[in-house]
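First up is the structure itself, then whatever we jot down about it.
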Amino acid sequence: MKIPTGPSFGNEKFGKLPGNFAQAFDLSTLAKPATSQHQSNNGDQSIEAREVLDFNIVEDFIKYSATAPVILIIHSERAKGSFELLQMFAELAKADGGKWRLGGVNFDKQPELVQALGATTIPFAIAFINEKALPLPELPTSADQLRLVVDKILEIAREQGINSENNQESAASSSDIEMAEPEEDEALQAIEEEDYERAIAAYQKLLLRLPSHEFAQLGKAQCELQLRIKDSDPKKVLSEADADPANISAHLLAADIELASGSVDQAFDRLIAIIKVTGGDERKKVRDHLLSLFTLFAPDDLMVIQARKRLASALF
(Lines give C-alpha, C1' and ligand atoms only; values in the text may rest on other atoms or scores of the structure.)
Protein backbone atom coordinates (compact mmCIF):
# COMPACT_ATOMS: atom_id res chain seq x y z
CA MET A 1 0.00 0.00 0.00
CA LYS A 2 1.47 3.36 -1.07
CA ILE A 3 1.32 6.43 1.17
CA PRO A 4 -0.49 9.34 -0.50
CA THR A 5 1.72 12.34 -1.14
CA GLY A 6 0.92 15.63 0.47
CA PRO A 7 2.25 18.32 2.80
CA SER A 8 4.72 17.09 5.37
CA PHE A 9 2.99 16.95 8.73
CA GLY A 10 6.33 16.90 10.52
CA ASN A 11 7.45 20.15 8.93
CA GLU A 12 4.13 22.00 8.96
CA LYS A 13 2.83 21.24 12.41
CA PHE A 14 5.38 19.72 14.73
CA GLY A 15 8.85 20.25 13.23
CA LYS A 16 11.26 17.55 12.16
CA LEU A 17 11.54 14.14 13.78
CA PRO A 18 13.01 13.25 16.14
CA GLY A 19 13.96 16.80 17.30
CA ASN A 20 11.16 18.65 19.06
CA PHE A 21 8.39 16.68 17.38
CA ALA A 22 5.12 17.06 19.27
CA GLN A 23 6.91 18.59 22.23
CA ALA A 24 3.95 20.53 23.47
CA PHE A 25 1.57 17.63 23.06
CA ASP A 26 3.57 15.04 24.91
CA LEU A 27 0.84 13.84 27.28
CA SER A 28 2.31 10.39 27.83
CA THR A 29 3.33 11.21 31.39
CA LEU A 30 -0.21 12.10 32.38
CA ALA A 31 -1.32 8.49 32.67
CA LYS A 32 0.15 5.05 33.01
CA PRO A 33 -0.97 3.24 29.83
CA ALA A 34 0.91 0.01 29.27
CA THR A 35 -0.36 -1.43 26.02
CA SER A 36 -3.13 -1.07 23.45
CA GLN A 37 -4.98 -3.84 21.66
CA HIS A 38 -4.65 -4.05 17.88
CA GLN A 39 -7.36 -6.18 16.30
CA SER A 40 -7.80 -7.39 12.75
CA ASN A 41 -10.97 -7.42 10.65
CA ASN A 42 -10.58 -11.11 9.98
CA GLY A 43 -11.41 -12.49 13.41
CA ASP A 44 -11.03 -12.13 17.13
CA GLN A 45 -7.26 -12.37 17.05
CA SER A 46 -5.61 -9.46 18.80
CA ILE A 47 -2.10 -8.57 19.90
CA GLU A 48 -0.58 -6.23 22.40
CA ALA A 49 1.62 -3.35 21.28
CA ARG A 50 1.99 0.18 22.55
CA GLU A 51 -0.04 2.52 20.40
CA VAL A 52 1.96 5.39 18.89
CA LEU A 53 0.15 8.74 18.84
CA ASP A 54 1.26 12.28 18.13
CA PHE A 55 1.29 13.13 21.82
CA ASN A 56 3.30 10.16 23.09
CA ILE A 57 5.81 9.44 20.34
CA VAL A 58 8.56 11.60 21.85
CA GLU A 59 8.56 10.47 25.47
CA ASP A 60 7.34 6.88 25.10
CA PHE A 61 9.34 5.95 22.02
CA ILE A 62 12.02 8.35 20.75
CA LYS A 63 13.42 9.37 24.13
CA TYR A 64 12.92 5.85 25.45
CA SER A 65 15.27 4.60 22.71
CA ALA A 66 18.17 6.06 24.71
CA THR A 67 17.66 3.20 27.19
CA ALA A 68 16.50 0.40 24.88
CA PRO A 69 15.85 0.02 21.14
CA VAL A 70 12.40 0.86 19.80
CA ILE A 71 10.74 -0.62 16.74
CA LEU A 72 7.64 1.03 15.27
CA ILE A 73 5.40 -0.85 12.85
CA ILE A 74 3.19 1.28 10.61
CA HIS A 75 0.11 -0.70 9.68
CA SER A 76 -3.35 -0.40 8.19
CA GLU A 77 -6.35 -2.66 7.93
CA ARG A 78 -6.27 -1.90 4.19
CA ALA A 79 -2.68 -3.05 3.70
CA LYS A 80 -2.07 -6.71 3.12
CA GLY A 81 0.29 -8.28 5.64
CA SER A 82 0.14 -5.38 8.13
CA PHE A 83 -1.49 -7.26 10.96
CA GLU A 84 0.61 -10.36 10.40
CA LEU A 85 3.83 -8.33 10.53
CA LEU A 86 2.79 -6.54 13.71
CA GLN A 87 1.83 -9.88 15.25
CA MET A 88 5.21 -11.45 14.46
CA PHE A 89 7.06 -8.50 15.98
CA ALA A 90 4.80 -8.67 19.05
CA GLU A 91 5.71 -12.32 19.56
CA LEU A 92 9.41 -11.48 19.28
CA ALA A 93 9.04 -8.61 21.73
CA LYS A 94 7.27 -10.87 24.21
CA ALA A 95 9.99 -13.50 23.87
CA ASP A 96 12.70 -10.89 24.48
CA GLY A 97 11.05 -9.78 27.69
CA GLY A 98 11.73 -6.05 27.69
CA LYS A 99 14.98 -5.85 25.74
CA TRP A 100 13.25 -3.53 23.28
CA ARG A 101 9.94 -1.73 22.88
CA LEU A 102 7.35 -2.30 20.16
CA GLY A 103 4.98 0.39 18.96
CA GLY A 104 2.17 0.25 16.44
CA VAL A 105 1.24 3.24 14.29
CA ASN A 106 -2.21 2.92 12.74
CA PHE A 107 -2.16 4.76 9.40
CA ASP A 108 -5.96 4.91 9.32
CA LYS A 109 -5.94 6.88 12.59
CA GLN A 110 -2.64 8.77 12.28
CA PRO A 111 -1.98 9.49 8.57
CA GLU A 112 -0.09 12.72 9.25
CA LEU A 113 2.13 11.06 11.85
CA VAL A 114 2.93 8.31 9.34
CA GLN A 115 4.00 10.95 6.81
CA ALA A 116 6.16 12.63 9.44
CA LEU A 117 7.92 9.33 10.07
CA GLY A 118 8.87 9.16 6.41
CA ALA A 119 6.96 6.01 5.51
CA THR A 120 6.35 5.50 1.80
CA THR A 121 4.54 2.16 1.89
CA ILE A 122 2.53 0.09 4.37
CA PRO A 123 3.46 -2.03 6.19
CA PHE A 124 6.60 -0.12 7.11
CA ALA A 125 8.97 -0.37 10.05
CA ILE A 126 11.36 2.09 11.63
CA ALA A 127 13.72 1.54 14.55
CA PHE A 128 15.00 4.15 16.97
CA ILE A 129 18.34 3.61 18.68
CA ASN A 130 19.63 6.28 21.03
CA GLU A 131 17.04 8.71 19.60
CA LYS A 132 18.28 8.17 16.03
CA ALA A 133 15.99 6.76 13.34
CA LEU A 134 16.83 3.61 11.39
CA PRO A 135 14.20 2.97 8.67
CA LEU A 136 13.49 -0.68 7.84
CA PRO A 137 11.55 -0.36 4.56
CA GLU A 138 12.12 -3.90 3.25
CA LEU A 139 11.44 -6.55 5.85
CA PRO A 140 11.46 -10.34 5.49
CA THR A 141 8.15 -12.12 5.84
CA SER A 142 9.18 -15.04 8.06
CA ALA A 143 9.56 -15.00 11.83
CA ASP A 144 13.02 -16.57 11.65
CA GLN A 145 14.30 -13.83 9.37
CA LEU A 146 12.67 -11.12 11.47
CA ARG A 147 14.48 -12.61 14.45
CA LEU A 148 17.75 -11.85 12.69
CA VAL A 149 16.62 -8.26 12.05
CA VAL A 150 15.77 -7.72 15.71
CA ASP A 151 19.04 -9.31 16.83
CA LYS A 152 20.94 -6.95 14.53
CA ILE A 153 19.12 -3.95 16.03
CA LEU A 154 20.02 -5.15 19.52
CA GLU A 155 23.63 -5.57 18.43
CA ILE A 156 23.77 -2.02 17.05
CA ALA A 157 22.29 -0.76 20.32
CA ARG A 158 24.97 -2.57 22.34
CA GLU A 159 27.67 -1.08 20.14
CA GLN A 160 26.30 2.36 21.04
CA GLY A 161 26.45 1.60 24.74
CA ILE A 162 22.79 0.73 25.25
CA ASN A 163 22.57 -2.41 27.38
CA SER A 164 19.09 -3.75 26.78
CA GLU A 165 19.67 -6.59 29.24
CA ASN A 166 19.68 -4.06 32.08
CA ASN A 167 16.41 -2.66 30.81
CA GLN A 168 14.55 -5.91 31.52
CA GLU A 169 14.50 -5.22 35.24
CA SER A 170 13.19 -1.68 34.81
CA ALA A 171 10.60 -2.92 32.31
CA ALA A 172 9.38 -5.44 34.84
CA SER A 173 9.23 -2.89 37.63
CA SER A 174 7.28 -0.46 35.42
CA SER A 175 4.35 -2.84 35.47
CA ASP A 176 4.03 -2.22 39.21
CA ILE A 177 3.44 1.54 38.94
CA GLU A 178 0.37 3.06 40.54
CA MET A 179 -2.94 2.88 38.82
CA ALA A 180 -4.14 6.15 37.35
CA GLU A 181 -6.82 8.13 39.12
CA PRO A 182 -10.27 7.62 37.51
CA GLU A 183 -10.32 11.25 36.38
CA GLU A 184 -6.98 10.69 34.61
CA ASP A 185 -8.41 7.74 32.72
CA GLU A 186 -11.41 9.86 31.76
CA ALA A 187 -9.14 12.68 30.58
CA LEU A 188 -6.90 10.39 28.51
CA GLN A 189 -9.93 8.83 26.84
CA ALA A 190 -11.19 12.30 25.99
CA ILE A 191 -7.79 13.28 24.60
CA GLU A 192 -7.76 10.25 22.31
CA GLU A 193 -11.14 11.44 21.00
CA GLU A 194 -9.78 15.00 20.67
CA ASP A 195 -12.46 16.18 23.11
CA TYR A 196 -10.21 18.61 24.97
CA GLU A 197 -13.04 20.38 26.79
CA ARG A 198 -14.06 17.10 28.41
CA ALA A 199 -10.43 16.34 29.24
CA ILE A 200 -10.02 19.74 30.90
CA ALA A 201 -13.18 19.14 32.93
CA ALA A 202 -11.86 15.75 34.06
CA TYR A 203 -8.54 17.23 35.16
CA GLN A 204 -10.39 20.03 36.93
CA LYS A 205 -12.42 17.46 38.88
CA LEU A 206 -9.19 15.75 39.93
CA LEU A 207 -7.64 19.06 40.98
CA LEU A 208 -10.68 19.85 43.14
CA ARG A 209 -10.05 16.58 44.95
CA LEU A 210 -6.24 16.69 44.84
CA PRO A 211 -5.16 20.32 44.30
CA SER A 212 -1.42 19.52 44.18
CA HIS A 213 -1.70 16.69 41.64
CA GLU A 214 1.13 17.51 39.21
CA PHE A 215 -0.10 15.31 36.37
CA ALA A 216 -3.51 16.94 36.46
CA GLN A 217 -2.02 20.43 36.50
CA LEU A 218 0.15 19.66 33.50
CA GLY A 219 -2.59 17.78 31.69
CA LYS A 220 -5.04 20.64 32.10
CA ALA A 221 -2.50 23.15 30.79
CA GLN A 222 -1.65 20.91 27.83
CA CYS A 223 -5.28 20.45 26.89
CA GLU A 224 -6.04 24.15 27.20
CA LEU A 225 -3.22 24.82 24.76
CA GLN A 226 -4.47 22.16 22.40
CA LEU A 227 -7.99 23.58 22.56
CA ARG A 228 -6.78 27.10 21.78
CA ILE A 229 -5.01 26.08 18.59
CA LYS A 230 -7.24 23.19 17.51
CA ASP A 231 -9.10 24.95 14.70
CA SER A 232 -6.36 27.42 13.73
CA ASP A 233 -4.52 27.67 10.46
CA PRO A 234 -0.87 27.98 11.63
CA LYS A 235 0.38 29.79 8.54
CA LYS A 236 -2.48 32.26 8.58
CA VAL A 237 -2.14 33.00 12.29
CA LEU A 238 1.60 33.55 12.10
CA SER A 239 1.21 35.75 9.02
CA GLU A 240 -1.44 37.90 10.68
CA ALA A 241 0.62 38.32 13.83
CA ASP A 242 3.77 39.26 11.96
CA ALA A 243 1.86 41.76 9.84
CA ASP A 244 0.32 43.58 12.82
CA PRO A 245 2.54 44.12 15.90
CA ALA A 246 -0.40 45.69 17.73
CA ASN A 247 -2.69 42.64 17.38
CA ILE A 248 -2.19 41.16 20.85
CA SER A 249 -4.66 38.29 20.38
CA ALA A 250 -2.93 37.21 17.17
CA HIS A 251 0.45 37.18 18.90
CA LEU A 252 -0.86 35.11 21.81
CA LEU A 253 -2.22 32.50 19.43
CA ALA A 254 0.94 32.64 17.30
CA ALA A 255 3.03 31.93 20.40
CA ASP A 256 0.80 28.94 21.19
CA ILE A 257 1.33 27.57 17.70
CA GLU A 258 5.09 28.13 17.78
CA LEU A 259 5.40 26.38 21.12
CA ALA A 260 3.27 23.48 19.91
CA SER A 261 5.48 23.08 16.85
CA GLY A 262 8.62 22.89 18.98
CA SER A 263 9.80 26.48 18.46
CA VAL A 264 9.75 27.12 22.19
CA ASP A 265 12.30 29.94 22.42
CA GLN A 266 10.66 31.67 19.46
CA ALA A 267 7.29 31.55 21.22
CA PHE A 268 8.74 32.94 24.45
CA ASP A 269 10.66 35.69 22.62
CA ARG A 270 7.56 36.74 20.68
CA LEU A 271 5.65 37.44 23.89
CA ILE A 272 8.60 39.07 25.65
CA ALA A 273 8.99 41.42 22.68
CA ILE A 274 5.31 42.41 23.02
CA ILE A 275 5.75 42.97 26.77
CA LYS A 276 8.59 45.40 26.05
CA VAL A 277 6.35 47.70 23.99
CA THR A 278 3.05 47.47 25.89
CA GLY A 279 1.79 48.59 29.25
CA GLY A 280 -1.16 48.35 31.60
CA ASP A 281 -3.75 45.65 31.03
CA GLU A 282 -2.26 44.62 27.68
CA ARG A 283 1.13 43.96 29.21
CA LYS A 284 -0.45 42.01 32.06
CA LYS A 285 -2.46 39.90 29.61
CA VAL A 286 0.65 38.96 27.63
CA ARG A 287 2.71 38.34 30.76
CA ASP A 288 0.05 36.08 32.25
CA HIS A 289 -0.15 34.13 28.99
CA LEU A 290 3.62 33.69 28.95
CA LEU A 291 3.58 32.48 32.56
CA SER A 292 0.90 29.95 31.63
CA LEU A 293 3.16 28.62 28.87
CA PHE A 294 5.97 28.19 31.41
CA THR A 295 3.76 25.73 33.31
CA LEU A 296 3.97 23.33 30.37
CA PHE A 297 7.59 22.63 31.32
CA ALA A 298 9.48 21.58 34.41
CA PRO A 299 10.49 24.58 36.56
CA ASP A 300 14.16 23.70 36.12
CA ASP A 301 13.93 23.48 32.32
CA LEU A 302 16.79 25.55 30.90
CA MET A 303 14.56 27.20 28.28
CA VAL A 304 12.16 28.36 30.99
CA ILE A 305 14.96 29.60 33.26
CA GLN A 306 16.48 31.65 30.45
CA ALA A 307 13.08 32.98 29.35
CA ARG A 308 12.28 34.05 32.91
CA LYS A 309 15.49 36.08 32.94
CA ARG A 310 14.55 37.74 29.65
CA LEU A 311 11.06 38.41 31.01
CA ALA A 312 12.46 40.02 34.15
CA SER A 313 14.67 42.24 32.01
CA ALA A 314 11.69 43.27 29.89
CA LEU A 315 9.56 44.10 32.91
CA PHE A 316 12.17 45.98 34.89
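Kindly check whether there is at least one residue in the range 110-124 that is within 21 Å of residue 66 (Cα to Cα) and assigned to a strand (DSSP E or B).
Within the range 110-124 (the criterion being within 21 Å of residue 66 (Cα to Cα) and assigned to a strand (DSSP E or B)), the answer is no, since none of the residues qualifies.
Take the residues of the range 125-143 that are free of Cβ contacts under 8 Å to residues at least 24 places away in the same chain and assigned to a loop (DSSP other than H, G, I, E, B): which is farthest from the chain's Cα centre (by Cα)?
Looking at the filtered set, the residue picked out is 142.
Report the residue count in the range 98-124 for those that are more than 18 Å from residue 77 (Cβ to Cβ) and over 18 Å from the mean Cα position of the chain (by Cα).
So the answer is 4.
Which residues, counting only those in the range 77-91, are surrounded by fewer than 20 Cβ atoms within 10 Å (Cβ to Cβ) and either in a helix (DSSP H, G or I) or touching a residue at least 40 places away in the same chain (Cβ under 8 Å) (or both)?
78, 79, 80, 81, 84, 87, 90, 91
Out of all the residues in the range 92-109, which are over 19 Å from residue 65 (Cα atoms), in a loop (DSSP other than H, G, I, E, B) and not charged (D, E, K, R)?
Residue satisfying the conditions is 107 alone.
Looking at the range 46-67, can you tell me whether even one residue there is over 25 Å from residue 188 (Cβ atoms) and part of a loop (DSSP other than H, G, I, E, B)? Walk me through it before giving the result.
Initially, the range 46-67 is screened for residues over 25 Å from residue 188 (Cβ atoms), giving none.
No, because not a single residue in the range 46-67 is over 25 Å from residue 188 (Cβ atoms) and part of a loop (DSSP other than H, G, I, E, B).
So which helices (runs of 4 or more DSSP H) are wholly in the range 249-316 and hold at least 3 residues that are without any contact (Cβ under 8 Å) to a residue 40 or more places away in the chain and over 26 Å from residue 214 (Cβ atoms)?
Details: elements: 264-277, 280-294, 302-315.
Result: 264-277, 280-294.
I need a count of the residues in the range 206-264 that are closer than 19 Å to residue 192 by Cβ and of a type in the set (Gly, Ala, Ser).
Residues flagged as closer than 19 Å to residue 192 by Cβ and of a type in the set (Gly, Ala, Ser) within the range 206-264 amount to 4.
Cβ-Cβ distance below 7 Å, separation of 6 or more or different chains: which pairs start in the range 97-115 with a residue that is assigned by TED's automatic domain parsing to the domain that holds residue 51 and within 27 Å of residue 163 (Cβ to Cβ) and end on one that is of a type in the set (S, T, N, Q) and modelled with pLDDT under 90?
The qualifying pairs are 97/168; 98/167; 98/168; 99/164; 99/167; 99/168; 100/164.
Pull up the range 219-245, narrow it to residues that are modelled with pLDDT of 90 or more and more than 30 Å from residue 56 (Cβ to Cβ), then point me to the one that is surrounded by the fewest Cβ atoms within 10 Å (Cβ to Cβ).
Looking at residues that are modelled with pLDDT of 90 or more and more than 30 Å from residue 56 (Cβ to Cβ), I get 243.
Tell me which residues, restricted to the range 246-262, are buried (at least 19 other Cβ atoms within 10 Å of the Cβ) and not aliphatic (A, V, I, L, M).
Within the range 246-262, 251, 256, 258, 261, 262 qualify.
The values are calculated or read from the model by the stated rules, or taken from the named source; none is laboratory data. Just so it is clear, the model here is predicted, and its values are computed rather than measured. Because the Cβ atoms are built from the backbone with ideal geometry, glycine has one as well, and the counts that use them run over all protein chains shown.
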